[in-house]
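The values are calculated or read from the model by the stated rules, or taken from the named source; none is laboratory data. Everything quoted here is computed from the prediction, not taken from an experiment. Ideal geometry is used to build each Cβ from the backbone, glycine not excepted, and the neighbour counts take in all protein chains shown. Remember, those area values only see protein heavy atoms, side chains included, never the ligands or the DNA or RNA. Shrake-Rupley method; radii C 1.70, N 1.55, O 1.52, S 1.80 Å.
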Amino acid sequence: MTGVAQVETRLNSLFEPGFTSGDRVLMDAKGETPTPGVLREAPVVTIRDGRDLQRRAGTSRSFTEAGFFEEHSFVLLDHTSAVRDWDNDPATPAEDTEITRVYFPEITSIIRERLLPGARVEIPQVPYLLRRGPNTPNPFYGQVAHQDYGLSADDYEENVAAYGTAEAAEAWRRQYARDDVTGFLVINFWRTVYMDEPLRHLPLTICDPYTVEPRDVISTGLTNFTPTGRPSNQLGLRHNPEQHWYYYPRMNTGEVLAFKNFQCWKSDLRPKLRTCFHSAFDEPHPLEPPDVLSERQSCEYRVGVYFLKD
């Protein structure tokens, strides 16, 4: 599929064009209650080749990975990790896992040297990552178009409390409120693991946020999903053909896709979208039945970055 300009597929949970709501739209994660405003039939969406986009950008003398990341909020990076065990064993102390000992230093180097060179940042250690695929705690793939955290610091704090604890949310807010902090970013490092061949089963598509009209962003929250039972605070998207969706065909284990999950700045008077809606999707394979494709084994590693005053 490499070199293919685009594919046509359906994306789930997009809202009807023109839909508006004065309140947060609650979406039942179990699918037992229909969501008001969501298109009953998933619309056909054009998904463009991110490799081609990045390849064409790379012909410019001024191209840098950091510049591409800033312009689109995502970038594919060559990166072969030294990690061999991608699964979190609950019996192993967090500080002894390869994620803590090996992957976190690798990702920290990527952030400082390739994505945000020259920026003064603080990167708290993340001791775990989220695995998806057969025989994992998360055998299902997120096949709905979504953005995980909302737009504002309040949105993010609410999500920390919903997925964790009120104490964790308060601790994050204290860190963010420090005088030397100017902003906060969550970068998702998404990759395949344990796969001997390039990915063709349920790859990830991401939407360039700078092609999204602000009026098409819908405040949403998931019910029947968080450990605390509280609704999440995230974003949904109205369907608009002008939105540019991308994917990187045939990703392999020597690559990692970095994209912005959440970003806020204290200087923002009105928070705006700088982060990527995303979803797994069925990549068309007209000449092959689905059961011949190797099931996706993947992980995502979400790392928070505090921007500090110079």
#### Entry: Selection within the stretch 224-236 - touching an Asp or Glu at 6+ places or on another chain (Cβ under 7 Å) and surrounded by 17 or more Cβ atoms within 10 Å (Cβ to Cβ)
233, 234
### Query
Residue check: is residue 23 of a type outside the set (Lys, Arg) and farther than 27 Å from residue 248 by Cα?
yes
### Contacts under 8 angstrom Cβ, first residue in the stretch 234-251 being within 16 Å of residue 39 (Cβ to Cβ), partner outside any loop (DSSP other than H, G, I, E, B) and among the small types (Gly, Ala, Ser), 6 or more apart
236/219
### Message
Going by what's in this entry, would residue 46 be described as in contact with a strand residue (DSSP E or B) (Cβ under 9 Å, 6 or more places away or on another chain) and modelled with pLDDT under 95?
### Response
no
#### Entry: Odd one out for residue 90 among (1) out of contact with any strand residue (DSSP E or B) (no Cβ under 8 Å at 6 or more places or on another chain); (2) more than 18 Å from residue 206 (Cβ to Cβ); (3) touching a residue at least 40 places away in the same chain (Cβ under 8 Å)
(3)
### Query
If we keep just the residues of the stretch 260-280 that are hydrophobic (A, V, I, L, M, F, W, C) and either over 19 Å from residue 72 (Cβ atoms) or part of a strand (DSSP E or B) (or both), which is most open to solvent (accessible area, probe 1.4 Å)?
269
### Task
Would you check if there is a residue in the stretch 47-59 being of a type in the set (Gly, Ala, Ser) and open to solvent by 60 Å² or more (accessible area, probe 1.4 Å)?
no
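Residue by residue, here is whether (1) surrounded by fewer than 16 Cβ atoms within 10 Å (Cβ to Cβ); (2) at pLDDT below 95; (3) part of a helix (DSSP H, G or I) holds:
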position: 128; (1), (2), (3): yes, yes, no
position: 134; (1), (2), (3): yes, yes, no
position: 139; (1), (2), (3): yes, yes, no
position: 151; (1), (2), (3): no, no, no
position: 158; (1), (2), (3): no, no, yes
### Query
Is there a residue being open to solvent by 50 Å² or more (accessible area, probe 1.4 Å), of a type in the set (Phe, Trp, Tyr) and part of a loop (DSSP other than H, G, I, E, B) anywhere in the stretch 81-90?
no
### Query
Is it fair to say residue 98 is open to solvent by less than 60 Å² (accessible area, probe 1.4 Å) and at negative phi?
yes
### Query
What are the residues in the stretch 237-256 that are open to solvent by 30 Å² or more (accessible area, probe 1.4 Å) and either within 17 Å of residue 5 (Cβ to Cβ) or among the basic types (Lys, Arg) (or both), if any?
241, 244, 250
### Query
Just a yes or no: is a residue in the stretch 289-301 at pLDDT below 95 and more than 19 Å from residue 133 (Cα to Cα)?
yes
### Query
Tally time: how many residues in the stretch 160-208 are part of a helix (DSSP H, G or I) and under 17 Å from the mean Cα position of the chain (by Cα)?
2
### Task
Could you identify the single residue in 68, 19 that is within 26 Å of residue 147 (Cβ to Cβ) and in contact (Cβ under 8 Å) with a residue 60 or more places away in the chain?
19
### Task
Those residues that are under 21 Å from residue 207 (Cβ atoms) and among the hydrophobic types (A, V, I, L, M, F, W, C), I need them from the stretch 128-139; list them, please.
130
